[in-house]
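Right, one structure below, let's go through it.
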Amino acid sequence: MRANSSSGSPIEKEDSSNFWEFSSYAVGMTTSKSGYDVTPLSEARITALAAEFSPEERHVILHQGTERPFCGLLLDQKQPGTYVCRLCGLPLFSSNSKFESGTGWPSFFQPFDPAHVKDIEDRAHGMRRVEIRCARCDAHLGHVFDDGPRPTGLRYCLNSVSLTFLPEGQPIALRS
């Protein structure tokens, strides 16, 4: 359906005047093209970050559950801003790519950065689908389908409980 681009690429820096400072910071870290750390979090860190979750959040985010349609808090969100991972804070989708799909779940036609979302083949429930997860913390987000609008033709169908909405202008802070 689409290429999974979560493999990470080498960090490039045009100005080499701060090479040593930049390099020591980047050791062991994978950075997306949009400049965010997508280094996978440890199981212990994921467990600690999820400690405050409600039973529904745990079920959906950690155990690949699905919230009921038309009940998610972000379905009717119309403000400009960014939708970040509820678990780790990685920016996942922009309000600029949100559209009304009529499915009952927030839908987007492209991710904030392709490296922030990973695809996993899902054969549960007797069908073949593509599950999407956060590339940094492996949180279940929803599924992607090939029946979306132009320009991508994709529909990323998300669980509201897997996301936090940040209004435009609010800083994005990763949870580590």
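Taking a ≥ b ≥ c as the square roots of the Cα gyration tensor eigenvalues, with a/c under 1.5 meaning rounded and otherwise prolate when a/b beats b/c, else oblate, which class fits the stretch 87-176?
Because a/c hits 1.5 or more and a/b fails to exceed b/c, the stretch 87-176 counts as oblate.
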*Treat the count of other C-beta atoms within 10 Å as a stand-in for reagent exposure and order R123, R136 from fewest to most.*
R123, R136
*Packing-based order for 46-59, 147-160, using average beta carbon neighbours within 10 Å, highest first*: 147-160, 46-59
*Obtain the nm distance between the two label points defined at E52 and L73 by a simple spin-label model: each point lies 7 Å from its Cα along the Cα-to-C-beta direction.*
1.2
_Burial ordering of D113, D138, fewest other beta-carbon atoms within 10 Å first_ = D138, D113
*Find the relative contact order for the stretch 40-167 and round it to a whole percent, using C-alpha pairs within less than 8 Å whose residues are 6+ positions apart.*
29
_Taking the beta-carbon count within 10 Å as an exposure proxy, list M29, M127 from fewest neighbours to most._
M127, M29
*asked:* Could you tell me the center-to-center distance, by alpha carbons, between the stretch 148-171 and the stretch 84-124 in angstrom?
replied: 5
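Every number here is computed from the coordinates shown, using simple stated rules; none is lab data. What you are looking at is a predicted structure, and each value in this text was computed from that prediction instead of being measured. Please note: Cβ atoms are built from the backbone with ideal geometry, for glycine as well, and neighbour counts cover all protein chains shown.
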